Amino acid sequence: MTERLSKERPMEGMNCSALAGRRILAVDGSAIRGPSAITSSWRLHYALDIGTLACHEMEITDGKVGESLSRFAVQKEDVIVADRGFANRRGVNHVLDRAGDILVRMNLSSLPLQDEAGQPFVQLAHLTSLKMVQSGEWPATMQGQGTNESIAVRVCAYRKNEIQRAESERKYYQYLNKKQQKFQADTVAATGYVVLLTRLKGPNAEAILALYRHRWQIELAFKRMKSLLGLGHLKKKDAEGAKGAKAWLQGKLLVACLIEWLIALDDHFSPLGPTQHEEKSYETSLPVA
């Protein structure tokens, strides 16, 4: 029922003019811990339609299951927007093999690329050519999954201002202290940039970077579900164990989808009577059982 609610939500989508009405999906994962747990007990894999801000797809797995683009269904011409945790060859090729497009943030090493001469694409060598708050882009290629095929991609980047760079560097050192890891000079230098990989051909670098900023909507969705619905706080362990905990999480997600439905119906309410869109929505209403 939760999946049906997310797919039949009665709201018309907003279109991105630069992408001619293509569906744009932000994907991410969120860890959910049980009482007194040190590591993640469960992981929510979630896809948000940026056009409607509605849930498009969700899955609950064991906390040991990592985030990957390959966990999501992709249709032709879908644009998948994801953070750097999803920047790996297997996941990116999962999207491209299904005729979708990707817009994913990169780190320095997880997604090797080649330049036009077939040499390794060295990010920092290109990034340092940018002036402060300047955007730029470079052509590159990546290897297809299980093949020798070279796939043409674009690397788009933005150099942060001094305040943004200092804040990113502070967070990086904070992360290192928490994980008790040693810093790497190249990674420190890379904190001063936002680097994206895409196959989208129409929008320029500034438009690509602006589109990526909409990914923050999925972070806000997680915050709403955890703060308002208590999704991030499992009840104490009971006799049903993991099975009961998963059912409890699915119930919370069902409530979130029901709330989206109610908000959407309220947005389309008219004191003059139901619109044609509303009448169609009512005709496809879900059965109670």
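The values are calculated or read from the model by the stated rules, or taken from the named source; none is laboratory data. The shown structure was predicted, so the numbers you read here are calculated from the model rather than taken from an experiment. Every residue, glycine as well, gets a Cβ built from its backbone with ideal geometry; the counts of neighbours run over all protein chains shown. The accessibility values were calculated without ligands, DNA or RNA, using every heavy atom of the protein model including side chains. Shrake-Rupley method; radii C 1.70, N 1.55, O 1.52, S 1.80 Å.
Here the spin labels are modelled as points 7 Å beyond Cα on the Cα-Cβ line, and at Ala125 and Ala31 they lie 3.6 nm apart.
Quick note on segment 46-158: its Rg to Rh ratio, both from C-alpha atoms and Rh being the Kirkwood radius, is 0.99.
Here the spin labels are modelled as points 7 Å beyond Cα on the Cα-Cβ line, and at Ala247 and Glu162 they lie 6.0 nm apart. Peptides 158-164, 24-30 ordered by packing proxy, namely the average of other Cβ atoms within 10 Å per residue, highest first: 24-30, 158-164.
Which of the peptides 45-53, 174-182 is most tightly packed, and how do the rest follow, going by the mean number of other Cβ atoms within 10 Å of each residue? Don't skip to the answer; put the middle values down first.
Values: 45-53: 20.8, 174-182: 9.2.
In descending order of packing, they fall as 45-53, 174-182.
Accessible area per residue for segment 57-189, computed on protein heavy atoms with a 1.4 Å probe, is 57 Å². Return, ordered by residue number, the residues of segment 181-204 whose backbone nitrogen is under 19 Å from a label point located 7 Å along Cα→Cβ of Arg170. Residues 188-194 fall inside that zone.
For segment 104-214, the equivalent ellipsoid derived from the Cα gyration tensor has semi-axes of 25, 18, 12 Å, listed largest first.
Quick check: net charge around Ala207, other residues with Cβ under 13 Å of its Cβ, Lys/Arg +1 and Asp/Glu -1?
Result for the neighbourhood of Ala207: +1.
Applying a DSSP loop filter and a limit of 16 other Cβ atoms within 10 Å to the GluC sites (Glu not before Pro) in segment 30-136 leaves Glu77, Glu116.
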